[in-house]
Amino acid sequence: MAGSELLTLAHLSDLHLPTVGGFGPRHWTLKRTLGYLNWQRGRKRWFTRGAVDALVKDMAQQRPDHIALTGDLVNLGLPSELAAARSFLEDLGSPDEVSVVPGNHDIYVPLQRDPGVARWRDYMASDAFGREIMAGIRVRRDGFPYVRRRGRIALIGLNSSLPMPPFVAAGLLGGEQLTALERILGLIRQRGLVRVVMIHHPPLAGLASRRRGLHDAQLFADVLARSGAELVLHGHNHTNTLAWTKGAHGAVPVVGVAAGGMSGAGKRSHALGRYNLMRFTDSGGTLGIELVGRGFSAPGGEVMELERKSLAMLGAGDAADPVTA
Ligand SMILES: [Fe+2]
Ligand SMILES: [Fe+2]
């Protein structure tokens, strides 16, 4: 590969780790009941721990420098699930090695007197660089956005998830988070770093229906158009997509990855389990981003390389509208 290596970032999403017991009558909201029926009816056959374990094993062999996990670790947002996911994270890597943003299945219903996804707080927190960048910027009570630096790459974690009514899987960033994001993107660009934004929901209008999409996607696109970013990573759609959106300094690639827990017995509209390696290189001051997709090519098969493409080359034009490829 041409150029010097900056970082290899693994992108994994939507594990939907099998639901564990430990819930009583007070946990049964209408939304959870419907979600549980949905799980029993099909999802528990499609999403398996075996698929997740095979992907994680292969990923460890590829030795990425860092892992970005873009939400939906669990299914019903139950305290027992969130605690089990904490154990999963600890097995996956230390908080220094793994950055997480929550999905709509992690923040599923309002929780009273329970820490919820704050159980994962040290995997969703700014490091010393981030705290310096965030000085003077309002951070929400839940700690978002957060910023971490790995070499010449800055990771920005957003929370697009909040409890929604039954049958609604939409997301929202909100004005406070978008205002903070715009300032962060500007400050990190001044430092000459590569900006990678992590969000659960597909962040562009047209990538998901209104019932499942990000309600303030247009405002997010406006922030990117004014401030730019080098890469956006998301989950939620359970498909492999590459879209482009207008950025202040050139088109911004927006990459969605299939559900990591998808074993292959599932819906045809969902892709088989996969993760992406994003390899960042610098050749004479020009950033290169290579995407290497690894996952299952057939149900129950081995994890293998499925795709390899250079995003920098594909992004030579300036996208006026999001285009999926
Ligand atoms: Fe999901
Ligand atoms: Fe989701």
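The values are calculated or read from the model by the stated rules, or taken from the named source; none is laboratory data. Please read these numbers as outputs of a predicted model, since none were measured by experiment. Note that we place each Cβ from the backbone using ideal geometry, even for glycine, and neighbour counts take in every protein chain shown.
Each residue in the range 1-31 was checked for being at pLDDT 85 or above and not in a strand (DSSP E or B), and 6 of them qualify.
Conditions tested, residue by residue: (1) within 16 Å of ligand 1 (Cβ to nearest atom); (2) assigned to a loop (DSSP other than H, G, I, E, B); (3) at negative phi; (4) surrounded by fewer than 24 Cβ atoms within 10 Å (Cβ to Cβ).
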position: P202; (1), (2), (3), (4): yes, yes, yes, no
position: G206; (1), (2), (3), (4): no, yes, no, yes
position: A229; (1), (2), (3), (4): no, yes, yes, no
position: A243; (1), (2), (3), (4): no, no, yes, yes
position: V255; (1), (2), (3), (4): yes, no, yes, yes
position: G260; (1), (2), (3), (4): yes, yes, yes, no
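Annotation note: Cβ proximity below 6 Å between a residue of the range 94-108 that is farther than 17 Å from V147 by Cβ and aromatic (F, W, Y) and a residue that is within 14 Å of ligand 1 (Cβ to nearest atom) and modelled with pLDDT under 95 (sequence gap 6+ or interchain) occurs for Y108/L76; Y108/G77.
With the structure loaded, tell me whether G171 is in contact (Cβ under 8 Å) with a residue 60 or more places away in the chain, in contact with a Ser or Thr (Cβ under 7 Å, 6 or more places away or on another chain) and crowded, with 17+ Cβ neighbours inside 10 Å or whether it fails that test. In short, yes. Apart from one condition, A84 fits all of (1) in contact (Cβ under 8 Å) with a residue 24 or more places away in the chain; (2) of a type outside the set (F, W, Y); (3) not in a helix (DSSP H, G or I); the exception is (3).
In this entry, G143 is excluded by the filter for residues that are part of a loop (DSSP other than H, G, I, E, B), crowded, with 23+ Cβ neighbours inside 10 Å and either within 16 Å of ligand 2 (Cβ to nearest atom) or touching a residue at least 12 places away in the same chain (Cβ under 8 Å) (or both).
The residue list A118, A68 contains one member that is outside any loop (DSSP other than H, G, I, E, B) and within 16 Å of ligand 1 (Cβ to nearest atom), which is A68. The residue that is farthest from ligand 2 (Cβ to nearest atom), counting only those in the range 82-133 that are of a type outside the set (S, T, N, Q) and at pLDDT below 95, is R113.
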